[in-house]
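S.K.: Have a look at this one.
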Amino acid sequence: MAEDEIVLTPEVFVPFEFPGQARPATHVRSTLIVSSMQTLRKYGHYDAYVKRLDPAYHDDLVSLIAGTWIPVEIGLAHYLAADALELDVRTIDSFGAEVSDRVNRSALALVLKISRQGGVTPWTAFARVHRLREETFDGTDISVTKLGPKDARFDWVGIPYAAVPYYRASFGGFLRALVQLFSATAYTRFLTAHSTPTSMSYRISWA
C-alpha cells in the first residue's frame, strides 16, 4: 500500500488552528529535552552525546532542569548531538516511546483514569493534541485526519526539528506510545512525501 493511499474518504478530525499561518516554534518546554537526555543516560549514551554537543550550547544543556521554557535552538542542539550518535531507527523509536510515556502519563492522567472505565480511544487523545502542543511548544500547529476507524494521519507544521532524522524517528515512537496508552498495539509510519524541513506527517494505525 502506498504511504498516502487512503481506503476511506478522509475526514478532518482535528483541524489546524491557524491554517496556512502557523507560527514557527520559538520555545520548547525543557521537560521534553530533559526527558530525552535521561533516556540517553539510561542506556549508556550520555557521555558520547555530551562530546557531540555544540560548544555554544554545551553548558545550557548539561545544566538543564525540567519545567522551564527554553529557546528552540537549545533543543535543536540536543537533537543534533543525539543524531550524531548514529543510533539505529528502532532504538531511537524506542527512546521516543519512553519520553512519551513520561510526558503524557502525567498530562493525560485524568483521561487515562477514565479509560479504565471504558469508552476512551486514541481519538480521545487526538482531540487534545492542541492542548498537549501548547504545553510543550510555543508555536507550531497540528492537524489530525481520520482515515479509518483506527487509522489516522498526523500533520505537524512549524516544527524546527523536522529536518533532524533523530527527531523524526523519536517522534514516531512518541506518537506510537501515546496511541498505545489507549489501545493494545499501535504503529506509526513517517510520510516523507508529505513532510518538509519544518513539517512532519505520520500515518498511525492501532488495534
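S.K.: With (1) in contact with a helix residue (DSSP H, G or I) (Cβ under 7 Å, 6 or more places away or on another chain); (2) closer than 18 Å to residue 200 by Cβ as the list, and residue 94 as the residue in question, which single condition is left unmet?
M.R.: With (1) in contact with a helix residue (DSSP H, G or I) (Cβ under 7 Å, 6 or more places away or on another chain); (2) closer than 18 Å to residue 200 by Cβ applied to residue 94, the lone miss is (2).
S.K.: Report the residue count in segment 169-196 for those that are without any contact (Cβ under 8 Å) to a residue 40 or more places away in the chain and among the aliphatic types (A, V, I, L, M).
M.R.: 1
S.K.: Pairs needed: first member in segment 58-72, closer than 18 Å to residue 135 by Cβ and among the polar types (S, T, N, Q); second member anywhere, modelled with pLDDT of 95 or more and in a helix (DSSP H, G or I); C-beta distance under 8 Å; at least 6 residues apart or different chains.
M.R.: Filtered contacts from segment 58-72: 68/30.
S.K.: Now for a different question. Can you find a residue that is surrounded by fewer than 17 Cβ atoms within 10 Å (Cβ to Cβ), touching an Asp or Glu at 6+ places or on another chain (Cβ under 8 Å) and not basic (Lys, Arg) anywhere in segment 148-161?
M.R.: Within segment 148-161, none of the residues are surrounded by fewer than 17 Cβ atoms within 10 Å (Cβ to Cβ), touching an Asp or Glu at 6+ places or on another chain (Cβ under 8 Å) and not basic (Lys, Arg).
S.K.: Can we say residue 89 is β-branched (Val, Ile, Thr) and free of Cβ contacts under 8 Å to residues at least 24 places away in the same chain?
M.R.: Numbers: β-branched (Val, Ile, Thr): yes; free of Cβ contacts under 8 Å to residues at least 24 places away in the same chain: no.
It is false that residue 89 is β-branched (Val, Ile, Thr) and free of Cβ contacts under 8 Å to residues at least 24 places away in the same chain.
S.K.: Restricting attention to segment 112-133, does a residue exist that is of a type in the set (Phe, Trp, Tyr) and at pLDDT below 95?
M.R.: Looking for residues that are of a type in the set (Phe, Trp, Tyr) and at pLDDT below 95, one finds at least one in segment 112-133, hence yes.
S.K.: Can you tell me which of 183, 201, 143, 205 is surrounded by fewer than 21 Cβ atoms within 10 Å (Cβ to Cβ), in contact with a helix residue (DSSP H, G or I) (Cβ under 7 Å, 6 or more places away or on another chain), of a type outside the set (Asp, Glu) and not in a helix (DSSP H, G or I)?
M.R.: 183
S.K.: Could I ask something else about it? Take segment 45-69 and flag every residue that is farther than 25 Å from residue 91 by Cα and modelled with pLDDT under 95.
M.R.: 67
S.K.: Looking at segment 39-57, is at least one residue polar (S, T, N, Q) and free of Cβ contacts under 8 Å to residues at least 60 places away in the same chain?
M.R.: No, the conditions are met nowhere in segment 39-57.
S.K.: Given the criteria among the charged types (D, E, K, R), farther than 19 Å from residue 85 by Cα and out of contact with any Ser or Thr (no Cβ under 7 Å at 6 or more places or on another chain), does residue 47 qualify?
M.R.: no
S.K.: Can you spot a residue in segment 147-160 that is in a helix (DSSP H, G or I) and either among the acidic types (Asp, Glu) or at pLDDT 90 or above (or both)?
M.R.: No, every residue in segment 147-160 fails to be in a helix (DSSP H, G or I) and either among the acidic types (Asp, Glu) or at pLDDT 90 or above (or both).
S.K.: Let me ask another. Please verify whether residue 205 is modelled with pLDDT of 95 or more and not hydrophobic (A, V, I, L, M, F, W, C), treating the condition exactly as stated. Let's see the steps before the verdict.
M.R.: Numbers: modelled with pLDDT of 95 or more: yes; not hydrophobic (A, V, I, L, M, F, W, C): yes.
So residue 205 passes the test.
S.K.: If you take just the strands (runs of 3 or more DSSP E) that sit entirely in segment 1-83, which of them hold at least 3 residues that are crowded, with 18+ Cβ neighbours inside 10 Å?
M.R.: none
Let's see how each residue does on (1) closer than 17 Å to residue 102 by Cβ; (2) among the acidic types (Asp, Glu); (3) within 11 Å of the chain's Cα centre (by Cα):
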site	(1), (2), (3)
169	no, no, yes
173	yes, no, yes
176	yes, no, yes
181	yes, no, no
184	no, no, no
187	no, no, no
192	no, no, no
198	no, no, no
207	no, no, no
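S.K.: Something else: For residue 30, are the conditions met, namely being in contact with a Phe, Trp or Tyr (Cβ under 8 Å, 6 or more places away or on another chain) and within 14 Å of residue 75 (Cα to Cα)?
M.R.: Answer is yes for this residue.
The values are calculated or read from the model by the stated rules, or taken from the named source; none is laboratory data. It should be emphasised that the depicted structure is a prediction, and the values quoted were computed from it without experimental measurement. Ideal geometry is used to build each Cβ from the backbone, glycine not excepted, and the neighbour counts take in all protein chains shown.
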